[in-house]
Amino acid sequence: MALPAGGARIDLQDPESVRYWAEVFGLDEIDLMMAVLTAGRRPQDVALLLRRPWR
């Protein structure tokens, strides 16, 4: 799966972005949305919240 356009941030308004990042983090879309609402739109912040390694 390719990184969506503007992929430096998780865009909850873009279904393609939500699907992509849910797959990257191994979450369902609802859990990803909750993580983004808690940690913010930066993928590295979501990874930190989830205690997952970031590249």
Task: Neighbour cut-off at most 12 other Cβ (10 Å), DSSP loop, chymotrypsin sites (Phe, Trp or Tyr not before Pro), the chain - done: W54
Task: Sites L48 and M1 - FRET efficiency at Förster radius 30 Å, r taken between beta-carbons, to 0.05 - done: 0.85
Open item on the list: For the chain, take the longest principal axis of its alpha carbons; what is the angle in degrees between that and the long axis of helix 29-39, to the nearest 10 within 0 to 90?
Closed with: 60
Task: Per-residue HN-Hα couplings for the range 9-22 [Karplus 6.51, -1.76, 1.60; θ = phi - 60°; Hz; x = Gly/Pro] - done: 10, 8, 9, 5, 8, 10, x, 5, 5, 4, 4, 4, 5, 4
- [ ] Mind checking the full-extension length gain between R55 and L37? Use 0.36 nm per residue of separation minus the Cα-Cα distance, one decimal, nm.
- [x] 4.3 nm
Open item on the list: Considering only protein heavy atoms and a probe of 1.4 Å, how much of the accessible area of the chain is carbon and sulfur, as a whole percent?
Closed with: 53
Open item on the list: Compute the orientation-averaged projected area for the range 5-55 from the convex hull of its Cα atoms and round it to one decimal in nm².
Closed with: 3.1
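The values are calculated or read from the model by the stated rules, or taken from the named source; none is laboratory data. Computed from a predicted structure; not experimentally measured. Glycine also receives a Cβ, built like all others from the backbone with ideal geometry; neighbour counts cover every protein chain displayed. To get the accessible areas, we keep the full protein, side chains included, count just its heavy atoms, and leave off ligands, DNA and RNA. Shrake-Rupley method; radii C 1.70, N 1.55, O 1.52, S 1.80 Å.
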